[in-house]
Amino acid sequence: MRVTICFGGSIIAPGNPDVACIRDIVRAVRELKARNHEILIVVGGGELARVYINAARELEVPGVDQDQIGIAATKLNAQLLISALGDIAEPSPVTAFEKAVRAMLRDKVPVMGGTTPGQTTDAVAAMLAQASKSELLVFFTNVDGVYTADPKQDPKAKKIDQLTPEELAKLVGSAEFQPGMKTIMDPVAVKIIQRLNIKTLILGKHEIKRLPEILNGAKHTGTVITRVSK
Ligand code: UTP
(Lines give C-alpha, C1' and ligand atoms only; values in the text may rest on other atoms or scores of the structure.)
Protein backbone atom coordinates (compact mmCIF):
# COMPACT_ATOMS: atom_id res chain seq x y z
CA MET A 1 0.00 0.00 0.00
CA ARG A 2 1.18 3.56 -0.69
CA VAL A 3 1.01 5.56 2.53
CA THR A 4 1.87 9.13 3.51
CA ILE A 5 2.73 9.40 7.20
CA CYS A 6 2.98 12.65 9.17
CA PHE A 7 4.86 12.57 12.47
CA GLY A 8 3.88 15.68 14.45
CA GLY A 9 6.83 17.60 15.84
CA SER A 10 5.14 17.31 19.24
CA ILE A 11 5.86 13.56 19.27
CA ILE A 12 9.31 13.57 17.61
CA ALA A 13 10.62 16.58 19.52
CA PRO A 14 8.20 17.52 22.34
CA GLY A 15 11.11 19.37 24.02
CA ASN A 16 14.38 17.61 23.41
CA PRO A 17 14.15 15.08 20.55
CA ASP A 18 12.43 11.87 21.73
CA VAL A 19 15.08 9.27 20.84
CA ALA A 20 12.91 6.28 21.84
CA CYS A 21 10.10 7.53 19.60
CA ILE A 22 12.49 8.06 16.67
CA ARG A 23 13.82 4.49 17.19
CA ASP A 24 10.23 3.17 17.07
CA ILE A 25 9.64 5.09 13.83
CA VAL A 26 12.81 3.67 12.25
CA ARG A 27 11.80 0.10 13.19
CA ALA A 28 8.24 0.56 11.92
CA VAL A 29 9.35 2.14 8.61
CA ARG A 30 11.92 -0.65 8.01
CA GLU A 31 9.21 -3.25 8.69
CA LEU A 32 6.75 -1.48 6.34
CA LYS A 33 9.39 -1.38 3.58
CA ALA A 34 10.14 -5.07 4.14
CA ARG A 35 6.42 -5.72 3.59
CA ASN A 36 6.63 -3.81 0.27
CA HIS A 37 4.62 -0.77 1.35
CA GLU A 38 5.56 2.52 -0.34
CA ILE A 39 6.16 5.13 2.35
CA LEU A 40 6.39 8.95 2.22
CA ILE A 41 7.03 10.90 5.43
CA VAL A 42 6.40 14.45 6.69
CA VAL A 43 7.81 15.72 10.00
CA GLY A 44 6.65 18.66 12.14
CA GLY A 45 8.65 21.27 14.05
CA GLY A 46 7.51 20.59 17.63
CA GLU A 47 8.76 22.64 20.57
CA LEU A 48 11.80 23.85 18.61
CA ALA A 49 9.49 25.59 16.11
CA ARG A 50 7.37 27.09 18.88
CA VAL A 51 10.32 28.41 20.92
CA TYR A 52 11.91 30.03 17.85
CA ILE A 53 8.59 31.43 16.57
CA ASN A 54 7.94 32.94 20.02
CA ALA A 55 11.41 34.55 20.02
CA ALA A 56 10.78 35.91 16.49
CA ARG A 57 7.39 37.27 17.60
CA GLU A 58 9.02 39.06 20.57
CA LEU A 59 11.52 40.54 18.11
CA GLU A 60 8.51 41.77 16.07
CA VAL A 61 9.58 39.75 13.04
CA PRO A 62 6.80 39.70 10.35
CA GLY A 63 4.48 36.65 10.25
CA VAL A 64 5.91 35.23 7.01
CA ASP A 65 9.41 35.26 8.50
CA GLN A 66 8.07 33.58 11.66
CA ASP A 67 6.73 30.86 9.37
CA GLN A 68 10.14 30.49 7.66
CA ILE A 69 11.68 30.01 11.10
CA GLY A 70 9.06 27.32 11.84
CA ILE A 71 9.87 25.65 8.50
CA ALA A 72 13.60 25.61 9.41
CA ALA A 73 12.72 23.76 12.64
CA THR A 74 10.70 21.14 10.73
CA LYS A 75 13.71 20.58 8.45
CA LEU A 76 16.05 20.01 11.40
CA ASN A 77 13.67 17.34 12.77
CA ALA A 78 13.35 15.86 9.25
CA GLN A 79 17.16 15.64 8.95
CA LEU A 80 17.37 13.91 12.34
CA LEU A 81 14.85 11.28 11.26
CA ILE A 82 16.58 10.88 7.85
CA SER A 83 19.93 10.27 9.57
CA ALA A 84 18.32 7.72 11.90
CA LEU A 85 16.64 5.94 8.96
CA GLY A 86 20.01 5.66 7.17
CA ASP A 87 20.22 4.25 3.65
CA ILE A 88 16.48 3.59 3.21
CA ALA A 89 15.81 7.35 3.25
CA GLU A 90 16.46 10.07 0.66
CA PRO A 91 19.56 11.78 2.19
CA SER A 92 18.18 15.30 2.75
CA PRO A 93 14.78 16.82 3.51
CA VAL A 94 12.79 16.96 0.27
CA THR A 95 11.23 20.34 -0.53
CA ALA A 96 9.20 19.58 -3.70
CA PHE A 97 6.36 17.07 -4.02
CA GLU A 98 7.50 15.75 -7.44
CA LYS A 99 10.96 15.06 -6.00
CA ALA A 100 9.40 13.16 -3.11
CA VAL A 101 7.35 11.02 -5.49
CA ARG A 102 10.42 10.35 -7.66
CA ALA A 103 12.43 9.28 -4.58
CA MET A 104 9.61 6.91 -3.56
CA LEU A 105 9.59 5.42 -7.06
CA ARG A 106 13.37 4.83 -6.67
CA ASP A 107 12.52 2.82 -3.54
CA LYS A 108 13.77 5.51 -1.11
CA VAL A 109 11.71 7.00 1.72
CA PRO A 110 11.37 10.76 1.16
CA VAL A 111 11.13 12.88 4.31
CA MET A 112 9.67 16.38 4.00
CA GLY A 113 9.38 19.21 6.52
CA GLY A 114 7.45 22.43 5.89
CA THR A 115 7.29 23.98 2.43
CA THR A 116 5.31 27.23 2.23
CA PRO A 117 4.44 29.96 4.79
CA GLY A 118 0.84 30.17 6.03
CA GLN A 119 0.23 26.50 6.84
CA THR A 120 1.57 23.61 8.95
CA THR A 121 3.08 20.25 8.06
CA ASP A 122 -0.45 18.73 8.30
CA ALA A 123 -1.13 20.52 5.00
CA VAL A 124 2.20 19.34 3.54
CA ALA A 125 1.21 15.75 4.39
CA ALA A 126 -2.21 16.12 2.73
CA MET A 127 -0.57 17.67 -0.38
CA LEU A 128 2.03 14.88 -0.48
CA ALA A 129 -0.72 12.26 -0.23
CA GLN A 130 -2.41 13.98 -3.17
CA ALA A 131 0.78 14.28 -5.27
CA SER A 132 1.77 10.65 -4.63
CA LYS A 133 -1.78 9.27 -5.01
CA SER A 134 -1.44 7.60 -1.61
CA GLU A 135 -4.21 5.22 -0.55
CA LEU A 136 -3.89 6.15 3.10
CA LEU A 137 -2.81 9.20 5.11
CA VAL A 138 -1.70 8.72 8.72
CA PHE A 139 -1.08 11.43 11.31
CA PHE A 140 0.74 10.61 14.53
CA THR A 141 0.00 13.30 17.12
CA ASN A 142 0.36 13.91 20.85
CA VAL A 143 -3.45 13.72 21.13
CA ASP A 144 -4.24 10.11 20.22
CA GLY A 145 -7.24 10.84 17.99
CA VAL A 146 -9.98 13.41 17.43
CA TYR A 147 -11.99 14.37 20.53
CA THR A 148 -15.33 16.12 20.97
CA ALA A 149 -13.41 18.91 22.77
CA ASP A 150 -9.78 19.53 23.79
CA PRO A 151 -9.12 16.66 26.25
CA LYS A 152 -6.46 18.78 28.01
CA GLN A 153 -9.08 21.46 28.82
CA ASP A 154 -12.29 19.43 29.13
CA PRO A 155 -12.30 16.22 31.21
CA LYS A 156 -15.63 15.21 29.62
CA ALA A 157 -14.13 15.21 26.09
CA LYS A 158 -14.68 11.89 24.31
CA LYS A 159 -12.61 10.32 21.57
CA ILE A 160 -14.44 9.90 18.25
CA ASP A 161 -13.75 6.52 16.56
CA GLN A 162 -14.86 7.57 13.10
CA LEU A 163 -16.03 10.73 11.36
CA THR A 164 -16.45 12.09 7.84
CA PRO A 165 -14.15 14.80 6.41
CA GLU A 166 -17.13 17.19 6.63
CA GLU A 167 -17.60 16.44 10.34
CA LEU A 168 -13.88 17.01 10.86
CA ALA A 169 -14.13 20.35 9.00
CA LYS A 170 -16.96 21.40 11.36
CA LEU A 171 -14.92 20.48 14.45
CA VAL A 172 -11.78 22.27 13.22
CA GLY A 173 -13.68 25.43 12.22
CA SER A 174 -11.97 28.14 10.23
CA ALA A 175 -9.71 29.93 12.72
CA GLU A 176 -7.37 32.32 10.94
CA PHE A 177 -3.84 30.93 10.57
CA GLN A 178 -1.19 32.16 13.02
CA PRO A 179 2.45 30.97 13.04
CA GLY A 180 2.79 28.22 15.67
CA MET A 181 -1.00 27.96 16.21
CA LYS A 182 -2.48 24.73 17.71
CA THR A 183 -5.59 23.08 16.23
CA ILE A 184 -6.76 19.47 15.85
CA MET A 185 -5.66 19.70 12.24
CA ASP A 186 -4.63 22.51 9.92
CA PRO A 187 -7.80 23.67 8.05
CA VAL A 188 -5.80 23.59 4.77
CA ALA A 189 -5.16 19.86 5.34
CA VAL A 190 -8.85 19.28 6.17
CA LYS A 191 -9.90 20.90 2.88
CA ILE A 192 -7.55 18.66 0.88
CA ILE A 193 -8.74 15.55 2.74
CA GLN A 194 -12.35 16.53 1.95
CA ARG A 195 -11.54 16.97 -1.73
CA LEU A 196 -9.42 13.83 -2.05
CA ASN A 197 -11.73 11.73 0.08
CA ILE A 198 -8.63 9.79 1.21
CA LYS A 199 -8.94 7.47 4.21
CA THR A 200 -7.07 9.17 7.06
CA LEU A 201 -6.00 7.86 10.47
CA ILE A 202 -5.14 9.98 13.49
CA LEU A 203 -3.12 7.93 15.95
CA GLY A 204 -1.19 8.39 19.19
CA LYS A 205 2.51 7.70 19.36
CA HIS A 206 1.99 4.41 21.25
CA GLU A 207 0.61 3.03 17.94
CA ILE A 208 3.82 3.67 15.96
CA LYS A 209 5.14 0.17 16.75
CA ARG A 210 1.85 -1.35 15.62
CA LEU A 211 1.65 0.50 12.30
CA PRO A 212 2.62 -2.57 10.19
CA GLU A 213 -0.26 -4.54 11.79
CA ILE A 214 -2.66 -1.61 11.52
CA LEU A 215 -1.99 -1.40 7.77
CA ASN A 216 -2.87 -5.10 7.66
CA GLY A 217 -6.27 -4.29 9.17
CA ALA A 218 -5.56 -4.68 12.92
CA LYS A 219 -7.66 -2.55 15.31
CA HIS A 220 -6.26 0.70 16.67
CA THR A 221 -7.21 3.22 19.32
CA GLY A 222 -7.23 6.34 17.10
CA THR A 223 -9.75 8.07 14.84
CA VAL A 224 -10.60 7.15 11.23
CA ILE A 225 -11.70 9.89 8.82
CA THR A 226 -13.68 8.36 5.99
CA ARG A 227 -17.02 8.64 4.19
CA VAL A 228 -17.49 4.86 4.08
CA SER A 229 -18.18 2.56 7.05
CA LYS A 230 -15.02 1.08 8.64
P1 UTP B 1 4.27 22.34 12.39
O2 UTP B 1 3.77 21.64 11.21
O3 UTP B 1 5.33 21.72 13.20
O4 UTP B 1 3.07 22.78 13.33
O5 UTP B 1 4.78 23.76 11.92
P6 UTP B 1 2.04 21.88 14.16
O7 UTP B 1 1.56 20.78 13.30
O8 UTP B 1 1.07 22.85 14.76
O9 UTP B 1 2.87 21.36 15.39
P10 UTP B 1 3.58 20.00 15.79
O11 UTP B 1 4.78 19.88 14.89
O12 UTP B 1 2.61 18.88 15.61
O13 UTP B 1 3.95 20.27 17.21
C14 UTP B 1 5.29 24.73 12.85
C15 UTP B 1 5.18 26.10 12.24
O16 UTP B 1 6.04 26.20 11.08
C17 UTP B 1 5.44 27.02 10.09
C18 UTP B 1 4.14 27.57 10.70
O19 UTP B 1 4.41 28.79 11.35
C20 UTP B 1 3.80 26.47 11.71
O21 UTP B 1 2.94 26.96 12.73
N22 UTP B 1 5.20 26.23 8.83
C23 UTP B 1 5.28 24.86 8.84
C24 UTP B 1 4.91 26.91 7.65
O25 UTP B 1 4.80 28.12 7.62
N26 UTP B 1 4.71 26.15 6.50
C27 UTP B 1 4.80 24.80 6.46
O28 UTP B 1 4.63 24.19 5.37
C29 UTP B 1 5.07 24.13 7.68
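Could you give every pair whose Cβ atoms fall below 6 Å, whose first residue belongs to segment 74-94 and is within 13 Å of Leu48 (Cα to Cα), and whose second residue is at pLDDT 95 or above and of a type in the set (S, T, N, Q), counting only separations of at least 6 or pairs across chains?
Thr74/Thr121
Would you pick out the residues in segment 99-126 that are in a loop (DSSP other than H, G, I, E, B), more than 16 Å from the ligand (Cβ to nearest atom) and either at pLDDT below 95 or of a type in the set (Val, Ile, Thr) (or both)?
Residues of segment 99-126 in a loop (DSSP other than H, G, I, E, B): 106-108, 110, 113-120.
Of the ones still in play, those that are also more than 16 Å from the ligand (Cβ to nearest atom) are 106-108.
Within segment 99-126, none qualify.
Taking segment 63-91 only, how many residues are surrounded by fewer than 19 Cβ atoms within 10 Å (Cβ to Cβ) and not in a helix (DSSP H, G or I)?
Final tally of qualifying residues: 1.
Ile193 passes all but one of (1) at pLDDT below 90; (2) under 14 Å from the mean Cα position of the chain (by Cα); which number fails?
Against the list (1) at pLDDT below 90; (2) under 14 Å from the mean Cα position of the chain (by Cα), Ile193 comes up short only on (1).
Residue by residue, here is whether (1) more than 16 Å from the ligand (Cβ to nearest atom); (2) surrounded by 17 or more Cβ atoms within 10 Å (Cβ to Cβ); (3) among the polar types (S, T, N, Q) holds:
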| site | (1), (2), (3) |
| --- | --- |
| Phe177 | no, yes, no |
| Met181 | no, no, no |
| Gln194 | yes, yes, yes |
| Lys205 | no, yes, no |
| Lys209 | yes, no, no |
| Leu215 | yes, yes, no |
| Thr221 | yes, no, yes |
| Arg227 | yes, no, no |
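For Pro165, which of the numbered conditions (1) under 25 Å from Met1 (Cα atoms); (2) under 15 Å from the mean Cα position of the chain (by Cα) fails to hold?
Pro165 satisfies all of (1) under 25 Å from Met1 (Cα atoms); (2) under 15 Å from the mean Cα position of the chain (by Cα) except (2).
With (1) within 11 Å of the ligand (Cβ to nearest atom); (2) within 19 Å of Gly118 (Cβ to Cβ); (3) not hydroxyl-bearing (Ser, Thr, Tyr) as the list, and Asn77 as the residue in question, which single condition is left unmet?
Of (1) within 11 Å of the ligand (Cβ to nearest atom); (2) within 19 Å of Gly118 (Cβ to Cβ); (3) not hydroxyl-bearing (Ser, Thr, Tyr), only one is false for Asn77: (2).
Confirm whether Arg50 is among the basic types (Lys, Arg), away from the ligand (no atom under 14 Å from the Cβ) and in a helix (DSSP H, G or I). Quick ask: steps written out before the conclusion?
Details: among the basic types (Lys, Arg): yes; away from the ligand (no atom under 14 Å from the Cβ): no; in a helix (DSSP H, G or I): yes.
In short, no.
The values are calculated or read from the model by the stated rules, or taken from the named source; none is laboratory data. All of these numbers come straight from a predicted model, not from anything done at the bench. As a convention, Cβ positions derive from the backbone with ideal geometry for all residues, glycine included, and neighbour counts pool all protein chains shown.
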